[in-house]
Amino acid sequence: MFDDYREKVILTYEEKKKANAISLNLLHLTPGNIREECIKVYEERPLKKDENLLRSFFESKGDTTNYSSNIKATDIDKFRPLINFIRGKTVIPESKNVELLAWLIDFEPRPYKGDFDYVNMPLSGGGNIPVLPEGLGTSLPPTSVPVMVPVPVTVPAPVTVPPEESGQPISLTPIPEPVSSEKSGSPVSPTPIPEPISPEKSGQPISPTPAPVTVPPEDSEPPVSPTPIPESISPENSQSEIPTTVTISANDLPPGERKVNKSTIIQKILAFIRKFEWLKHAIPKSKKEKAAISLIIIFTIASITYLIIINNKKCMYWTGEHYEAISCEQTVGDVAIIAKDTVKLNHLKKIMHPDTLTQNSLGKVWYVKTYEGLEFYTSDGFHPIYSERRLRPITMRILNKYILKNQSY
């Protein structure tokens, strides 16, 4: 639709203005500057696709192909409707003014194409988004993007270093089988440990060992170690589940996952109240007094719960008539969620029935012009959707022109 094209053109102008990507003539809007900019643009990029616009706007006759003289001879008052359109004073301008602005800011694609989706096209205001020349389609050429290819990595198996080579005692080793005295020829310590390392090899002094214990014959049950050594962890059983207890507080979670557990809060409140059960002995036993105290307790619990829930709503969104408080983790369709502003939340509301406005509304009502027409609000500030447009206080001229004039019929 042409309305989408018109809106995209004016938004592109605003984006280029913010990015300082427009000429001084378009930055300082005067009829003379607009005419000077038209001459400059025509001399720099005279394109065939713009001839229909130039012939229509500058009223060229015949088959002329040089519009420079026509532009210079044009009365500067003819550019005032374009300035009113840019400044938002004209809600629905003529199509030739929209096409002229698109030509001046080099908006693409132009002129208006009925089969093109102007709603979903990206803006090209700051010069960061390239605009394709005419005839190249609407898609960008493919760019080379590095692709991360996973490479298999072989993890070598752990290597056991003998004590003779390491020079240090090795911990967490499997429990060796008991050795009989006939085979070993040496006493066995109460706790099965790896082969002891001599001072010459380890460089460490040897601590005193317990008295030797006689090993029973091979056919008898092996002695039980007073201090059992836990089984060492090998690569095969390293993935076994190890029971652990992990405590995660709400502050450790991402902001999107923090939620208020209302039932837990209520349980804590009840537990706090139970600490004062001893007061029941000092409370009179009459039914009226018990009922009154019960109501006070219920009211207190309800108030605390309500405050907790309300304090969780740190954001708000525009409903179309007013702002509504909401939790920052919630979403409402495609509506923008913004930080809560108590002034806007309590005072900024759209007046849905402007015909009720009178002279008493002066100083109490603000207005703004949009593409749909005039809108009236109960507080000053900026438009809830078009945030670049400031609300202005209503004047007697606006009241007579748009409100009281219609009421007289």
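The values are calculated or read from the model by the stated rules, or taken from the named source; none is laboratory data. Bear in mind that the values here come from a model prediction, so they are computed numbers and not experimental data. Cβ: placed from backbone, ideal geometry, glycine included. Neighbour counts: every protein chain shown.
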Exercise. Based on what the data block shows, is ASN84 closer than 23 Å to TYR371 by Cα and either in contact with a Lys or Arg (Cβ under 6 Å, 6 or more places away or on another chain) or surrounded by fewer than 19 Cβ atoms within 10 Å (Cβ to Cβ) (or both)?
Worked result: yes
For this session: Considering each residue of region 22-65, count those that are closer than 17 Å to ARG87 by Cα, outside any helix (DSSP H, G or I) and β-branched (Val, Ile, Thr), and give that number.
Result: 2
Exercise. Given GLY62, GLY32, which one is modelled with pLDDT under 85 and either among the small types (Gly, Ala, Ser) or crowded, with 19+ Cβ neighbours inside 10 Å (or both)?
Worked result: GLY62
Problem set entry | Selection count where residues are more than 27 Å from the chain's Cα centre (by Cα) and assigned to a helix (DSSP H, G or I), scope region 1-21 | 5
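Conditions (1) over 29 Å from ARG392 (Cα atoms); (2) without any contact (Cβ under 8 Å) to a residue 40 or more places away in the chain, marked per residue:
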position: GLU15; (1), (2): no, no
position: SER23; (1), (2): no, yes
position: LEU26; (1), (2): no, no
position: GLU37; (1), (2): yes, no
position: GLU43; (1), (2): yes, yes
position: ALA73; (1), (2): yes, yes
position: ASP77; (1), (2): no, no
Exercise. How about region 362-409: which of its residues are of a type in the set (Gly, Ala, Ser) and part of a helix (DSSP H, G or I)?
Worked result: none
Exercise. Of the residues THR378, THR370, THR358, which single one is among the hydroxyl-bearing types (Ser, Thr, Tyr), without any contact (Cβ under 8 Å) to a residue 60 or more places away in the chain and under 23 Å from TRP318 (Cα atoms)?
Worked result: THR378
